[in-house]
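*Asks:* Starting off with a structure, shown below.
The values are calculated or read from the model by the stated rules, or taken from the named source; none is laboratory data. It should be emphasised that the depicted structure is a prediction, and the values quoted were computed from it without experimental measurement. Here the Cβ positions follow ideal geometry from the backbone for every residue, glycine too, while neighbour counts run over all protein chains shown. Heads up: the accessible areas ignore ligands, DNA and RNA and are worked out on the full protein's heavy atoms, side chains in. Shrake-Rupley method; radii C 1.70, N 1.55, O 1.52, S 1.80 Å.
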Amino acid sequence: RNKNIDLVVIGEGELTMLEIAKNVKSNKSLDNIKGTALIYKGKFKQNKSREPIQDLDELEPAWHLVDFKKYFEHPDNSSVAMRTPSINIITSRGCPGNCVFCSVHTIWGRKWRAVSAQRVVNQIEHLIKYYGVKHFRINDDNLTLDKKRIIEICNEIIKRKLKIKWDTPGGVAMWTLDEEVLKAMKKTGYYRITFGIESGSKNTLNYIGKNIDLAKANRLLNYCHKLGLWTASFFIIGF
């Protein structure tokens with residue numbers, strides 16, 4: 001109904017946007033591009049879904065196209081940072097969880113896919129070296145799902161002697177954590193953890209499909225305090 005919109009991209013956007021750009025540049029039709037919906041001959045048309053990108057290492061962030069001066073000077077950039085300049089990065093996509101309120105699956109799907117540990121730390125090192133970044137907000141929906149990978153990321157940061165601060169403002173899945181992972185993260189400059197607990201009621205947790213062991217939550221919170229991590233949690237009121 002909005003006459004200002006010609007076409008929308010549904011789900012993961014990189015390859016779809018690339019195809020749109022190529023078609024526009026060469027004056028080709030936009031009618032049948034996977035992962036899009038449009039008004040075609042006066043009627044709504046939704047095309048086939050585009051397959052998720054399986055190897056995220058194939059994607060290379062175009063940092064050189066970002067105006068870092070404007071990015072760093074934006075007031076929201078420093079309001080939740082331990083150090084400046086700071087930046088947001090995402091190193092994985094998707095989540096196998098079944099939380100009924102979550103919109104992650106709409107974009108990324110339920111299958112978890114991740115940038116390799118080496119590539120993640122390469123990006124961090126690049127942003128430090130060329131743009132002077134000192135603080136990283138890692139906004140993954142499930143950063144710690146693969147224990148081996150998160151440990152490898154931490155070990156690589158330590159190996160390269162990268163002096164950073166970082167946190168996970170979007171939260172981490174408590175069911176993926178243990179003391180070994182938390183200790184490794186703390187050693188690399190991780191200073192604030194946000195848990196997605198959502199409710200203290202077991203009935204409510206079952207209702208929303210949240211796989212949380214409240215006894216484990218207490219144990220891990222206490223361990224975080226011993227490590228010296230700042231702790232916070234998300235809670236959803238109204239279920």
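*Asks:* Roughly how many debye, to the nearest 20, is the charge dipole of the chain about its Cα centre, given +1 on each Lys and Arg Cβ, -1 on each Asp and Glu Cβ, and no other charges?
*Replies:* 140 debye
*Asks:* Let me ask something additional. What's the long-distance tail for segment 152-197, i.e. % of Cα pairs beyond 17 Å?
*Replies:* 31 percent
*Asks:* How much FRET efficiency would the formula 1/(1 + (r/R0)^6) give for residue 155 and residue 25, where r is the Cβ-Cβ distance and R0 is 35 Å, rounded to 0.05?
*Replies:* Efficiency, rounded to the nearest 0.05: 0.20.
*Asks:* Note down the relative contact order for the chain as a percent, whole number, built from C-alpha pairs under 8 angstrom at least six residues apart.
*Replies:* Computed over the chain, the figure is 14 percent.
*Asks:* Between residue 180 and residue 147, what is the label-to-label distance in nm when each label sits 7 Å out along the Cα-to-Cβ direction?
*Replies:* Rounded to a tenth, the inter-label distance reads 0.5 nm.
*Asks:* Summing -39500 (n - 2.57) over the DSSP H runs of n ≥ 4 in the chain and dividing by its residue number, what mean residue ellipticity at 222 nm do you reach, to the nearest 500 deg cm²/dmol?
*Replies:* Result for the chain, helices only: -10000 deg cm²/dmol.
*Asks:* Then there's this: Once the Cβ-Cβ distance between residue 88 and residue 122 is put in as r, and R0 is 25 Å, what FRET efficiency do you end up with, to the nearest 0.05?
*Replies:* Calculated value: 0.90.
*Asks:* How much length would be gained if the chain were fully extended between residue 111 and residue 67, taking 0.36 nm per residue of separation minus their Cα-Cα distance, in nm to one decimal?
*Replies:* Computed gain between residue 111 and residue 67 is 12.6 nm.
*Asks:* Continuing with this model, one more query. Quick check: from the Cα gyration tensor, does the chain come out rounded (a/c under 1.5), prolate or oblate?
*Replies:* Oblate shape, in that a/c is at least 1.5 and b/c is the bigger or equal ratio.
*Asks:* Quote the charge dipole size of segment 71-189 about the Cα centre in Debye, to the nearest 20; the model charges only the Cβ of Lys and Arg (+1) and of Asp and Glu (-1).
*Replies:* 420 debye
*Asks:* Also: Just grab the label-to-label distance for residue 235 and residue 216, each label 7 Å out from Cα along the Cβ direction, in nm (one decimal).
*Replies:* 2.2 nm
*Asks:* Give the accessible surface of segment 78-210 per residue, rounded to a whole number of Å², with probe radius 1.4 Å and ligands, DNA and RNA excluded.
*Replies:* 45 Å²
*Asks:* With the chain treated as a Gaussian network of Cα nodes joined by springs under 10 Å, which of 205, 38, 227 yields the largest mean-square fluctuation?
*Replies:* 38
*Asks:* Let me ask you something else. What chymotrypsin sites (Phe, Trp or Tyr not before Pro) does segment 180-216 have in DSSP loop regions with at most 13 other beta carbons within 10 Å?
*Replies:* Loop-located and lightly packed - none at all.
*Asks:* So what's the angle, to the nearest 10 degrees on a 0 to 90 scale, between helix 147-159 and the longest Cα principal axis of the chain?
*Replies:* 70 degrees
*Asks:* If the chain between residue 206 and residue 46 were fully stretched, how many nm would it gain, using 0.36 nm times the residue separation less the Cα-Cα distance?
*Replies:* 54.1 nm
*Asks:* Placing +1 on the Cβ of each Lys and Arg and -1 on the Cβ of each Asp and Glu in the chain, which of 209, 230, 100 has its Cα farthest towards the positive end of the resulting dipole?
*Replies:* 230
*Asks:* HN-Hα J couplings of segment 222-227 from phi, Karplus 6.51/-1.76/1.60, θ = phi - 60°, integer Hz, Gly and Pro as x?
*Replies:* Going residue by residue, I get 5, 5, 4, 5, 5, 6 Hz, with x marking Gly and Pro.
*Asks:* Treating only the Cβ of Lys, Arg, Asp and Glu as charged (+1, +1, -1, -1), what charge dipole size does segment 189-239 show about its Cα centre? Round to the nearest 20 debye.
*Replies:* 140 debye
*Asks:* While we're looking at this one, here's another question. First measure r as the distance between the Cβ atoms of residue 100 and residue 32, then evaluate 1/(1 + (r/R0)^6) with R0 = 45 Å and state the FRET efficiency to the nearest 0.05.
*Replies:* So, using R0 = 45 Å, E works out to roughly 0.85.
*Asks:* I would also like to ask the following. Roughly how many percent of the accessible protein surface of the chain is carbon and sulfur, given a 1.4 Å probe and a whole-percent answer?
*Replies:* 53 percent
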